[in-house]
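The structure under discussion appears below in the form of structure tokens.
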Amino acid sequence: MKTGLKLATALLAGCAISAAVMQGVHAQATAPAFTVVEIDVFDPEGFQAFAKRNAAGVATAGGRFLALRGRIASSEGTPPKGVALIAWDSLEQAIEYFNSPTFRELIPLRDKSARVRLFHVEGLTK
């Protein structure tokens, strides 16, 4: 009976360890993503109103601003007037936010105050 109990305990411990390892492997396999936004503002007040609401939406959706309209240096070509860089846990998370009703309702406000070029880039796996 003691041998059976030891075997069952070892089997359960092995399953628990395997589950933890698989979860770690899965977490490493999810690549982060980044949204790059080139911004040319022509109505600063209007853009500020858009930016505040968008920042709240990005945060709620799990995004994190890494850069926002900082200094821009170009090694080749003409740089945009402004840039925003947003980090996401996955490409799907980024696409989901920018297709959401929350963001869609902000597009007219944004378009009245700035021209943008917006794209998403999947990074290397973690």
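The values are calculated or read from the model by the stated rules, or taken from the named source; none is laboratory data. What you see is a predicted model; the values in this text were computed from it and never measured. No Cβ is skipped: glycine too gets one built from the backbone with ideal geometry, and neighbour counts run over all protein chains shown.
Looking only at residues in segment 94-112 that are in contact (Cβ under 8 Å) with a residue 40 or more places away in the chain and out of contact with any helix residue (DSSP H, G or I) (no Cβ under 8 Å at 6 or more places or on another chain), which one is surrounded by the most Cβ atoms within 10 Å (Cβ to Cβ)?
Of everything passing the filter in segment 94-112, A94 is surrounded by the most Cβ atoms within 10 Å (Cβ to Cβ).
Can you confirm whether F65 is in the same structural domain as D40 (by TED's automatic domain parsing), at pLDDT 95 or above, part of a strand (DSSP E or B) and among the aromatic types (F, W, Y)?
Details: in the same structural domain as D40 (by TED's automatic domain parsing): yes; at pLDDT 95 or above: yes; part of a strand (DSSP E or B): yes; among the aromatic types (F, W, Y): yes.
Spelling it out, F65 is indeed in the same structural domain as D40 (by TED's automatic domain parsing), at pLDDT 95 or above, part of a strand (DSSP E or B) and among the aromatic types (F, W, Y).
From A114, A94, A67, A87, which residue is under 16 Å from F47 (Cα atoms) and in contact with a strand residue (DSSP E or B) (Cβ under 9 Å, 6 or more places away or on another chain)?
Values: A94 fails: under 16 Å from F47 (Cα atoms); A67 fails: under 16 Å from F47 (Cα atoms); A87 fails: under 16 Å from F47 (Cα atoms).
That would be A114, the only listed residue that is under 16 Å from F47 (Cα atoms) and in contact with a strand residue (DSSP E or B) (Cβ under 9 Å, 6 or more places away or on another chain).
Kindly list the number of the only condition in (1) without any contact (Cβ under 8 Å) to a residue 40 or more places away in the chain; (2) over 16 Å from the mean Cα position of the chain (by Cα); (3) not in a loop (DSSP other than H, G, I, E, B) that fails for R115.
(1)
I need the full set of residues from segment 43-57 which are closer than 21 Å to F119 by Cβ and either polar (S, T, N, Q) or in contact (Cβ under 8 Å) with a residue 60 or more places away in the chain (or both), in order please.
Result: F47, F50, N54.
Go over the candidates T125, T102 one by one and state the one that is of a type outside the set (F, W, Y), in a helix (DSSP H, G or I) and out of contact with any strand residue (DSSP E or B) (no Cβ under 8 Å at 6 or more places or on another chain). Working first, answer last.
Working: T125 fails: in a helix (DSSP H, G or I).
Only one candidate passes the filter, namely T102.
Among the candidates L91, L66, which residue alone is buried (at least 17 other Cβ atoms within 10 Å of the Cβ), within 12 Å of the chain's Cα centre (by Cα) and not aromatic (F, W, Y)? Full working, then the answer.
Working: L66 fails: buried (at least 17 other Cβ atoms within 10 Å of the Cβ).
One residue alone meets the criteria, L91.
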